[in-house]
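Notes follow once the structure below has been shown.
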Amino acid sequence: MSRLQLISHHLCPYVQRAVITLSEKAIDHERIYIDLADKPTWFQTLSPLGRVPVLRIGAAVLFESAVICEYLDESTPGWLHPQDALERARHRAWIEFASATLDGIAGFYNATEADAFANRLATLHDRFGRLEDQLGTGPYFAGARFHLVDAAWAPVFRYLDTFDAAGGFGLLDGLVRVPAYRLALAERASVRNAVTTDYPERLYDFLLHRNSHLAGLLRGAA
Ligand SMILES: N[C@@H](CCC(=O)N[C@@H](CS)C(=O)NCC(=O)O)C(=O)O
């Protein structure tokens, strides 16, 4: 494999999916962090959608985390996607659902009014309930083996650690399997090491400085 370069951002959950996959497959790579609020010209030239992650493989450029993760998986020994076509498609569907949950999280932390905040909270709680229905005895999405779908859910749960610091909001109330899944993912080395050690402070600072209902709650809890 040519030398790999992952264009990254410290807080991006989609970048984390790629980093977890690189780590699970023990793939040597270089990571370059950019400022999304001030995108370098070379990045704008490279990235058709102007988004991270981007993976450079020699002269080739890949974008979209699902594409990047599947390429990394398919081009190295072992597999993190099911071999059965239907089961693989089901995992892809739940990776999409994890992305929709990330959209829900962004809606939650960006809501400016208390009403909208409560609505977003209810939607997110419902999303986690849907996930609960898919989980078996664990510890991971499909049992004992770690898959790409797990790399997609781990960054979702990482947000909850910071939300807990502001009261938790009961996002997983009444659920049993999802909290256990969250814990199992948090203990996995590839997940723990997918962000820099200052990630919690960076995320807290990012959330605190938004014009949002959550920022007000965080200020109140500080
Ligand atoms: N569907 C994309 C989503 C990637 C994405 O939304 N990246 C965000 C950061 S987390 C980004 O680069 N945003 C740049 C911008 O909005 O200008 C994927 O799976 O890679």
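The numbers here are math on the coordinates, done by the rules we state, and not lab data. Computed from a prediction, not measured in an experiment: that's the story for all the values here. Note that we place each Cβ from the backbone using ideal geometry, even for glycine, and neighbour counts take in every protein chain shown.
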> D for the chain, whole µm²/s, Stokes-Einstein with Kirkwood Rh over alpha-carbon pairs at 25 °C and 0.890 mPa s: what number?
Replying inline: 134
>> Give me ILE32, ILE105 sorted ascending by neighbouring Cβ count inside 10 Å, so fewest comes first.
In response: ILE32, ILE105
>> Suppose we look only past 17 Å in the calculated P(r) of the range 4-74. What percent of the Cα-Cα pairs does that tail hold?
In response: 33
>> Taking the beta-carbon count within 10 Å as an exposure proxy, list CYS69, CYS12 from fewest neighbours to most.
In response: CYS12, CYS69
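May I ask you to list, by number, the DSSP H helices of the chain whose Cα span along the axis is at least 27 Å and whose average Kyte-Doolittle hydropathy reaches 0.0 or more?
Counting only whole DSSP H runs, the qualifying helices are 148-165.
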> To the nearest 0.05, what FRET efficiency results for ASN211 and ALA93 with a Förster distance of 35 Å applied to their C-beta separation?
Replying inline: 0.50
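Please report SER47, SER75, SER65 as a ranked list, fewest other C-beta atoms within 10 angstrom at the top and most at the bottom.
Values: SER47 17, SER75 12, SER65 27.
Lowest to highest Cβ neighbour count: SER75, SER47, SER65.
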> What 222 nm value per residue comes from the helices of the chain, counting each DSSP H run with n ≥ 4 as -39,500 (n - 2.57) and dividing by all residues, nearest 500 deg cm²/dmol?
Replying inline: -18000 deg cm²/dmol
> Among rounded, prolate and oblate, which fits the range 91-195 when a ≥ b ≥ c are the square roots of the eigenvalues of its C-alpha gyration tensor, a/c under 1.5 means rounded, and a/b larger than b/c means prolate?
Replying inline: prolate
> Comparing ALA18, ALA93, ALA60, which has the greatest mean-square fluctuation in the GNM of the chain with Cα pairs linked when under 10 Å apart?
Replying inline: ALA60
> Anyone know which of ARG17, ARG188, ARG158 comes out most mobile in the 10 Å Cα GNM of the chain?
Replying inline: ARG188
>> Cut-off 10 angstrom, C-alpha nodes, Gaussian network model of the chain. Which of ASP38, ASP103, ASP164 fluctuates the most?
In response: ASP38
